[in-house]
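The values are calculated or read from the model by the stated rules, or taken from the named source; none is laboratory data. The shown structure was predicted, so the numbers you read here are calculated from the model rather than taken from an experiment. A quick note on method: Cβ atoms are made from the backbone with ideal geometry, for glycine too, and the neighbour counts reach across all protein chains shown. Protein only, heavy atoms only, side chains kept; ligands, DNA and RNA dropped before computing areas. Shrake-Rupley method; radii C 1.70, N 1.55, O 1.52, S 1.80 Å.
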Amino acid sequence: MPKRRPEGPEASLRGSGRDLRADSSAGRAQGWTTPADLRTLTLKAWSSGALLRELLDPSGAYPRRRALKRPTAAALLRDYAAARAWAAGLFAAAGPFTLETTEVGRNTIGANHLPAAVVFASAQDEISFAGKARDAAWFVALAEGLAGLDPAFRTWALRRPLKLLDLGGDALTAARVALWLRDNPEPGVYVRQLSLSGVHTKFIEGNRTVIDELLGALSAETATRDAPEAAAELVAAAEQVADAEQVAGVAAEAGSLLGQPAPRTPAARFAVRHGFLHPPELVRFRSLDAAVPLLGSARDVTVTAEAFSTLRLPVTRVLVTENLVNFLAVPEQPGTLAIYGGGYGFSALRDASWLRDCNVLYWGDLDTHGFQILDQLRAVHPHVVSVLMDEATLLAHRDVWGSEPAPSTAALGRLTADEAALYKKLQNDVYGTAVRLEQELIRWDWVLARLSG
């Protein structure tokens, strides 16, 4: 440790560019705040959306001062070179911020001025320090574009700044859809018929949650123009609806505004919520008995759910299976009908009261979600019996077990004792982590033996 140092307290700790390159992380081991630590704090503020909000609605937080953890007088005595390199790194990083210094060590090692705090004069300066200036400029341009379409969208931009940045120009297109929906309530047309430049069914399907949020901002502005707090609550409520739609979409089969719809899918709910027409739900079923005609000589028929509910077929047993090949391959059986797919939505089967007079079997995947679907089907038809969803079947097919991506944790109250026990074992990973047996992997000889029984 040198007894004498160059004159000038700041010069004694500033160091050279060479020092900075060699010791860019100087001080980290000692717990002193480094430029990297400051950048982490700034990026955290960016990731929360706080910095972007400051650009639209300054909070008065700037100039923002961030205190630094710095060397003590004892640390200067112990390792002056490390303290010098640490200070050099901060002085070299200054530009987006200014440094406040404080005197340390006057009575021990001699007066030294060390960095004590950084000060960002504006949000723009802190954004530049984070390396996000270009993104911030794009955000401001997008927010101005939204406000140009309708001032109410400014509320949404403030609540969802990172979402706006992620969407980019698509946010403006979504906003035009929201304005159209506001001006055309209950349009009574299919989404395909919405004639807006650059807008098509797939765009609406992919951005329906954002459209709902933007429409919520418009509704809040119209209904509570003189009550900003109430308006914010309405916008938040719209966001909660959108979030709930996303959660529901994980559990339900993926619906499509273009393909075979199911009213309980997020896409169908969006259509119903905004007054669009939506293709009717379809039910595909197959007669396993040649003596039971369906439509002429047809044995495999698809009809609307409404038409299915009106059928009066001379069958005594119905098998519901989620797998198409299984549906097509199940063998001939007297007085039996096979139905393809139930998923998480059972409106097609709910209104078919004639099923109550049949023995209804459900064959789903042997995993937690398979039992959850079974439980929900029993909410519609309590007499449903599961088939090929037992422990013996599971253990006999250990060689083809897979892994369930997101096992269900739901409490199910409509399972039999044996089903509930197996469901709990799957939840608790008794057989292994997230074990599942997909129904199409069950050996066919095993299937035939159980179905015939």
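Net charge near Trp401: determine it from the other residues with C-beta under 11 Å of the C-beta of Trp401, scoring Lys and Arg +1 and Asp and Glu -1.
-2
Using amide H atoms built 1.01 Å from N in the peptide plane, name the residues 5+ places from Val318, or on other chains, whose amide H lies under 5 Å from its own.
Close amide H contacts, sequence-distant or interchain: Leu337, Asn359, Val360, Leu361.
Quick one: the Cα spread of region 42-180 along its three principal axes, in angstroms, biggest first?
If we take the Cα atoms of region 42-180, the spans are 73, 23, 19 Å.
At what distance in angstrom do the alpha carbon centres of region 334-406 and region 43-88 lie from each other?
When both Cα centres are located, 59 Å separates them.
How much length, in nm to one decimal, is gained on full extension between Val325 and Glu186, taken as 0.36 nm per residue of separation minus their Cα-Cα distance?
So the extension gain works out to 46.0 nm.
Using the beta-carbon distance between Asp445 and Val301 and R0 = 25 Å, what value does 1/(1 + (r/R0)^6) give for FRET efficiency, to the nearest 0.05?
For R0 = 25 Å, the calculated efficiency reads 0.30.
Take the Cα of His383, step 7 Å along the line toward its Cβ, and report every residue of region 306-338 whose backbone nitrogen sits under 11 Å from that point.
Label zone hits: 316-318.
Note down the accessible area of Trp138, probe 1.4 Å, to the nearest 10 Å².
About 120 Å², rounded to the nearest 10.
Roll a 1.4 Å probe over the protein heavy atoms and report the accessible area of Glu100 in Å², nearest 10.
Around 70 Å² of this residue is reachable by solvent.
Charges on Cβ only, +1 for Lys and Arg, -1 for Asp and Glu, centred on the Cα centroid of region 59-182; of Ser59, Val104, Phe91, which one is farthest towards the dipole's positive end?
Result: Val104.
Per the 1.4 Å probe, what fraction of the accessible area of region 313-418, in percent, lies on carbon and sulfur atoms?
Carbon plus sulfur share of accessible area: 55 percent.
Share of region 57-205's accessible area from carbon and sulfur, percent, 1.4 Å?
48 percent
Could you work out how much longer the chain between Ala396 and Leu41 gets when fully extended? Use 0.36 nm per residue separation minus the Cα distance between them, nm to one decimal.
Length difference between fully extended and current span is 122.4 nm.
In the full protein assembly as shown, how much of Thr72 is accessible to a 1.4 Å probe, in Å² to the nearest 10?
Answer for Thr72: close to 80 Å² accessible.
Let's test the formula: R0 of 51 Å, r as the Cβ-Cβ distance of His200 and Arg78. What FRET efficiency results, to the nearest 0.05?
Efficiency for this residue pair is about 0.15.
Filter Lys44/Lys202; Lys44/Lys132; Lys163/Lys202; Lys132/Lys163 down to the pairs with a C-alpha to C-alpha distance above 23 Å, please.
Result: Lys44/Lys202 exceed 23 Å.
Nothing charged except the Cβ atoms of Lys and Arg (+1) and of Asp and Glu (-1): what's the magnitude of the dipole of region 357-445 about its Cα centre? Round to the nearest 20 debye.
Using Cβ point charges on Lys, Arg, Asp and Glu, region 357-445 gives about 220 debye.
Please work out the average accessible area per residue across region 84-160, using the 1.4 Å probe convention, and give it in Å².
Ligands and nucleic acids excluded, the result is 41 Å² per residue.
Need the full-extension length gain, Gln427 to Leu149, defined as separation in residues times 0.36 nm minus the C-alpha distance. One decimal, nm.
95.1 nm
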